[in-house]
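Colleague: Okay, here's the structure, questions in a sec.
The values are calculated or read from the model by the stated rules, or taken from the named source; none is laboratory data. These numbers were taken from a predicted model, which means no experiment stands behind them. Here the Cβ positions follow ideal geometry from the backbone for every residue, glycine too, while neighbour counts run over all protein chains shown.
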């Protein structure tokens, strides 16, 4: 299952900027594992009631927040298998770079081969992405420390 919510710049979809905050405040006031919501469409009088897990509501808050800022959103299940192009796009690198530097020879992300094509689990890609962010932050912190020691902070 993949859901993608992209807004074209010329679309007039109006996402309320206060919706994410209002929902987050609601969750703080009502911290329960599930929440019963009533949905009312414009022009209708009868609400539809649904019960959703709090985690789903938190995800919905994130989606609304991104959409209100004009940012596209993709939802990908953790067990989804990605092509090398999809994985490269998520990392912000080229497909050849992903194959040559990340998948091989070091094997930083596990993958499986289907026919002649590689498939990467989204969960494995996410683990690599988090570890890479930590490595980058540590490297930046080390460079800052060295610069300060050398008096290059002016």
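Colleague: Do we find a residue being farther than 30 Å from residue 20 by Cα and in a loop (DSSP other than H, G, I, E, B) anywhere in the stretch 126-137?
Modeller: No, there is no match, as no residue in the stretch 126-137 is farther than 30 Å from residue 20 by Cα and in a loop (DSSP other than H, G, I, E, B).
Colleague: Would you check if residue 4 is modelled with pLDDT under 85 and touching a strand residue (DSSP E or B) at 6+ places or on another chain (Cβ under 8 Å)?
Modeller: Numbers: modelled with pLDDT under 85: yes; touching a strand residue (DSSP E or B) at 6+ places or on another chain (Cβ under 8 Å): yes.
Here the answer is yes, as residue 4 does meet what is asked.
Colleague: A further question on this structure: Picking from 71, 76, which residue would you name as being within 30 Å of residue 26 (Cα to Cα) and surrounded by fewer than 15 Cβ atoms within 10 Å (Cβ to Cβ)?
Modeller: 71 is the lone residue from the list that is within 30 Å of residue 26 (Cα to Cα) and surrounded by fewer than 15 Cβ atoms within 10 Å (Cβ to Cβ).
Colleague: With modelled with pLDDT of 95 or more, assigned by TED's automatic domain parsing to the domain that holds residue 86 and either closer than 14 Å to residue 86 by Cβ or part of a helix (DSSP H, G or I) (or both) as the only criterion, which of 120, 99 stands out?
Modeller: The match here is 120.
Colleague: Residue 50 versus (1) at pLDDT 90 or above; (2) under 28 Å from residue 126 (Cα atoms); (3) not in a helix (DSSP H, G or I): which is the lone unmet condition?
Modeller: (2)
Colleague: Can you tell which of 67, 27 is farther than 27 Å from residue 135 by Cβ, modelled with pLDDT under 90 and under 18 Å from the mean Cα position of the chain (by Cα)?
Modeller: Values: 27 fails: under 18 Å from the mean Cα position of the chain (by Cα).
The match here is 67.
Colleague: Could you please let me know if residue 150 is loosely packed, with under 10 Cβ neighbours inside 10 Å and farther than 27 Å from residue 59 by Cα?
Modeller: Working: loosely packed, with under 10 Cβ neighbours inside 10 Å: yes; farther than 27 Å from residue 59 by Cα: yes.
Against the criterion (loosely packed, with under 10 Cβ neighbours inside 10 Å and farther than 27 Å from residue 59 by Cα), residue 150 qualifies.
Colleague: Please verify whether residue 36 is over 21 Å from residue 109 (Cα atoms) and either part of a strand (DSSP E or B) or modelled with pLDDT of 90 or more (or both), treating the condition exactly as stated.
Modeller: yes
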